[in-house]
Amino acid sequence: MTGNLFLKSAARVHFAIANEDGNARMWLYKDKGGDGVRLNNGIDGGGEFVFGKNGEFYSPGYIYAGAARLASDGNVWGTRWNANGAWLWDVIAEQLAARDTNINTRATWDWVSQNFVNDIFLGVEQYYSPGSNTISWIFHAPNGHVLTGINVSDTGSNSADNINGVYYKAIQKRVNGVVMTIAG
């Protein structure tokens, strides 16, 4: 044959390659207003390939480029990420697992809880009084403690108030479940 082959119709028209027994080995067609050119494997099976009119290509199975292939779920097989060939998702998962193992050996929650301060709080309240409000006195909170209150007595309108005593508490921290008073 020389020249062009035209199949004219307003309806679907198939171009077929058939066996001697009449079974179609391949169908090639495009519906009027359809989504693209379709290539069907006929009796051999395997589905239809579509060359979409929007430039897309559909394959019912893997798409191969040399030894590499694209799976229908989006995964890619190739030797780029493993010399023996591997699925891209598996290689990524291995890298993430290695990263997680590396991180987990450095700073697990248990390790952080065992080596760092988990909580800071004030201990039991204590009270200091010189015993009499008629003497002068000086009080320094012990190391690791903080003043939390003062006891004042009203002596009347013609005199200064008296300081009877002070309240203080230890500053404490918790590391690995152990409570310790901080050093001053």
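The values are calculated or read from the model by the stated rules, or taken from the named source; none is laboratory data. In this text, all values refer to a predicted model and were calculated from it rather than measured experimentally. Cβ coordinates were reconstructed from backbone atoms using ideal geometry, including for glycine residues, and neighbour counts include every protein chain displayed.
A few points about this structure:
- When I43 is tested against the conditions (1) farther than 30 Å from G74 by Cβ; (2) part of a loop (DSSP other than H, G, I, E, B), the lone failure is (2).
One line per residue, one yes/no per condition, for (1) free of Cβ contacts under 8 Å to residues at least 60 places away in the same chain; (2) within 25 Å of H14 (Cα to Cα); (3) among the acidic types (D, E); (4) assigned to a strand (DSSP E or B):
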site: N54; (1), (2), (3), (4): yes, yes, no, no
site: G61; (1), (2), (3), (4): yes, yes, no, no
site: R69; (1), (2), (3), (4): yes, no, no, yes
site: W77; (1), (2), (3), (4): yes, no, no, yes
site: R80; (1), (2), (3), (4): yes, no, no, no
site: A83; (1), (2), (3), (4): yes, no, no, no
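- Residues of segment 98-113 include none that is more than 27 Å from the chain's Cα centre (by Cα) and not charged (D, E, K, R).
- Options T181, T101; residue that is touching a Gly at 6+ places or on another chain (Cβ under 6 Å) and either closer than 30 Å to G74 by Cβ or without any contact (Cβ under 8 Å) to a residue 60 or more places away in the chain (or both): T181
- Cβ-Cβ distances below 7 Å connect the following pairs, each with a first residue in segment 23-41 that is loosely packed, with under 14 Cβ neighbours inside 10 Å, a second residue that is part of a loop (DSSP other than H, G, I, E, B), and a separation of six or more residues or different chains: R25/N19; D31/R12; K32/A10.
- In summary, strands (runs of 3 or more DSSP E) completely within segment 85-168 and bearing 1 or more residues that are touching an Asp or Glu at 6+ places or on another chain (Cβ under 8 Å) and surrounded by 10 or more Cβ atoms within 10 Å (Cβ to Cβ) occur at 145-153.
- Pick from segment 70-84, criterion under 25 Å from S59 (Cα atoms) and among the aliphatic types (A, V, I, L, M), ranking: surrounded by the fewest Cβ atoms within 10 Å (Cβ to Cβ): A71
- Filtering segment 1-32 to residues that are over 53 Å from the mean Cα position of the chain (by Cα) and β-branched (V, I, T) leaves only T2.
- Of all residues making up segment 1-18, the number that are among the hydrophobic types (A, V, I, L, M, F, W, C) and part of a loop (DSSP other than H, G, I, E, B): 7
- Any hit, segment 88-98, residues being free of Cβ contacts under 8 Å to residues at least 12 places away in the same chain and under 30 Å from T155 (Cα atoms): no
- Test for Y64: is it closer than 30 Å to R80 by Cα and in the same structural domain as W87 (by TED's automatic domain parsing): yes
- Odd one out for F57, checked against (1) over 30 Å from N176 (Cα atoms); (2) surrounded by 12 or more Cβ atoms within 10 Å (Cβ to Cβ): (2)
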